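The values are calculated or read from the model by the stated rules, or taken from the named source; none is laboratory data. This is a predicted model, so every value here is computed, not measured. We place every Cβ from the backbone using ideal geometry, glycine too, and count neighbours over all the protein chains shown.
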Amino acid sequence: MAMKTYTGEIAAGSSKGSGGVMTAAVLYGREDLRIERVGIPQLGEGEILMRVQVALTCGTDLKVWRQGSHPRMIQPPAIFGHELAGVVEEVGPGVSSEIRAGMRVVPSNSAPCDACLYCRKDQPNLCDDLLFNNGAYAEYARIPARIVKKNLLEIPENVSFRDAAMAEPLACVLRGIHETQIRPGDTAVVVGCGPIGLKFVRALSAREIRVIALGKRKSQIDLAERLGAYAAFDVSSMESPVTMVRDLTEGGRGADAVIEAVGSAATWQWAMQMVRKGGRVNLFGGCPQGSQVQFDPALLHYSEVTIKATFHHTPRFIREALDTIARGDVRSSDFVTGEIPLAELPRAFQDMKNGHSDLKTAVNPWA
């Protein structure tokens, strides 16, 4: 059974009155994002309508924008975006009485079926019927019934909308740390200092893990150090990042764990060469389709290196992420470095493509 998408269809009607319309960013194809007036979504059984207070840009949205679609997440034309937080505007039939209009909420961008083989094996991120939702870059977003039931969380009073909107990407990071079995006292390398890599730096350093961060921009290196990295390096002019990392580990043996958060064949190879015998590598950054990566199989057999690839999140880690944010362990102010109105979103994606953008940008649909 193929994974389902529940994208923000361009509605003709409105659950807020006949002919109601809203402003939204609609993805039509490759690098074709348009700001339009569209119908406010109508609600079905178990669904809610959310007034979006903030949506955040991310690398996944940039990737989808550049390729024009995503086989698992969105097929155009559809309202775009998946990191958001807001207020319940309207409740559809059959929604639990615990969910009420005016409630501050953060929805996940997906929910598993809880019935397929993978869900029964406690691998709901691999669910055969994993339901994805888009529609964050709009004034209102419809949240499908399954997400309302399984992955819609109330935002604690001490948490801002902007902080809460980071729950989804942080959940992916926390699950990556858990799956890689990184423990206090370990030395871990984070390859890549984009928003995801920097979240790894912050979350790992908060757990008393010695973090070595590798990036390509001085601003990212400086931020990695502020977020707790033991050492951070710009590899753009470095002859041998592998040698440099190994020299910083006990006896030059390599790191206990390496998180690859870039998604290129070269950095996947680095990761394999930076880890010690018996260590663990998480190939978190997905390479482009068709990529080929070469490495010495002796690393697996004689050195007992464990390779992991962590995809997506689960309901457990969505909740852990919001708890982490509520404790103040991760703050949006460390990652969200710009704010724009919805009308400027197409330009923002062009800036992201050209490497001139903020780390993450908060989009205000009502500005």
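Below are the figures for this structure:
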{"quantity": "Condition broken by Gly355, with the remaining ones in (1) out of contact with any Ser or Thr (no Cβ under 7 Å at 6 or more places or on another chain); (2) assigned to a helix (DSSP H, G or I); (3) farther than 20 Å from Asp163 by Cα satisfied", "calculated": "(2)"}
{"quantity": "Hits in the stretch 245-263 - residues which are closer than 20 Å to Asp296 by Cβ and either crowded, with 19+ Cβ neighbours inside 10 Å or in contact with a Phe, Trp or Tyr (Cβ under 9 Å, 6 or more places away or on another chain) (or both)", "calculated": "Val245, Arg246, Thr249, Gly254, Ala255, Asp256, Ala257, Val258, Glu260"}
{"quantity": "Residue tally, condition under 22 Å from Met352 (Cα atoms), in contact with a Ser or Thr (Cβ under 6 Å, 6 or more places away or on another chain) and at pLDDT 95 or above, over the stretch 38-75", "calculated": "1"}
{"quantity": "Of all residues making up the stretch 194-216, the number that are touching a residue at least 60 places away in the same chain (Cβ under 8 Å) and assigned to a loop (DSSP other than H, G, I, E, B)", "calculated": "2"}
{"quantity": "Verdict on Ile182 being assigned to a loop (DSSP other than H, G, I, E, B) and among the β-branched types (Val, Ile, Thr)", "calculated": "yes"}
{"quantity": "Residue match in the stretch 345-353 (condition: in the same structural domain as Leu84 (by TED's automatic domain parsing), of a type in the set (A, V, I, L, M) and modelled with pLDDT of 95 or more)", "calculated": "yes"}
{"quantity": "Conditions (1) in the same structural domain as Gly59 (by TED's automatic domain parsing); (2) within 29 Å of Pro107 (Cβ to Cβ): number failed by Thr314", "calculated": "(1)"}
{"quantity": "Condition check for His312: over 16 Å from the mean Cα position of the chain (by Cα) and either farther than 30 Å from Val21 by Cβ or loosely packed, with under 14 Cβ neighbours inside 10 Å (or both)", "calculated": "no"}
{"quantity": "Helices (runs of 4 or more DSSP H) enclosed by the stretch 62-175 - at least 3 residues per element that are assigned by TED's automatic domain parsing to the domain that holds Arg30, without any contact (Cβ under 8 Å) to a residue 60 or more places away in the chain and over 21 Å from Val26 (Cα atoms)", "calculated": "117-120"}
{"quantity": "Qualifying position, being polar (S, T, N, Q), under 24 Å from the mean Cα position of the chain (by Cα) and surrounded by fewer than 22 Cβ atoms within 10 Å (Cβ to Cβ), among Ser205, Ser236", "calculated": "Ser205"}
{"quantity": "Residue identified as surrounded by fewer than 22 Cβ atoms within 10 Å (Cβ to Cβ) and under 18 Å from Lys360 (Cα atoms) among Arg183, Arg162", "calculated": "Arg162"}
{"quantity": "So Gly278, is it exposed (fewer than 14 other Cβ atoms within 10 Å of the Cβ) and closer than 23 Å to Arg183 by Cβ", "calculated": "yes"}
{"quantity": "Per-region count, the stretch 321-367, residues under 13 Å from Lys199 (Cβ atoms), in contact with a strand residue (DSSP E or B) (Cβ under 6 Å, 6 or more places away or on another chain) and of a type outside the set (A, V, I, L, M, F, W, C)", "calculated": "1"}
{"quantity": "Those residues of the stretch 63-85 which are out of contact with any helix residue (DSSP H, G or I) (no Cβ under 8 Å at 6 or more places or on another chain) and among the basic types (Lys, Arg), in sequence order", "calculated": "Lys63, Arg72"}
{"quantity": "Single match in Leu322, Leu299 (criterion: over 28 Å from Gly68 (Cβ atoms), over 16 Å from the mean Cα position of the chain (by Cα) and crowded, with 17+ Cβ neighbours inside 10 Å)", "calculated": "Leu299"}
{"quantity": "Selected residue [surrounded by fewer than 22 Cβ atoms within 10 Å (Cβ to Cβ) and touching an Asp or Glu at 6+ places or on another chain (Cβ under 9 Å)] from Arg51, Arg34, Arg72", "calculated": "Arg51"}
{"quantity": "Hey, Leu198 modelled with pLDDT of 95 or more, out of contact with any strand residue (DSSP E or B) (no Cβ under 7 Å at 6 or more places or on another chain) and not polar (S, T, N, Q) or not", "calculated": "yes"}
{"quantity": "Every pair of residues 6+ apart whose Cβ atoms lie under 7 Å, when the first sits in the stretch 23-34 and is assigned by TED's automatic domain parsing to the domain that holds Lys353 while the second is exposed (fewer than 14 other Cβ atoms within 10 Å of the Cβ) and part of a strand (DSSP E or B)", "calculated": "Thr23/Arg37; Val26/Arg34; Tyr28/Arg34"}
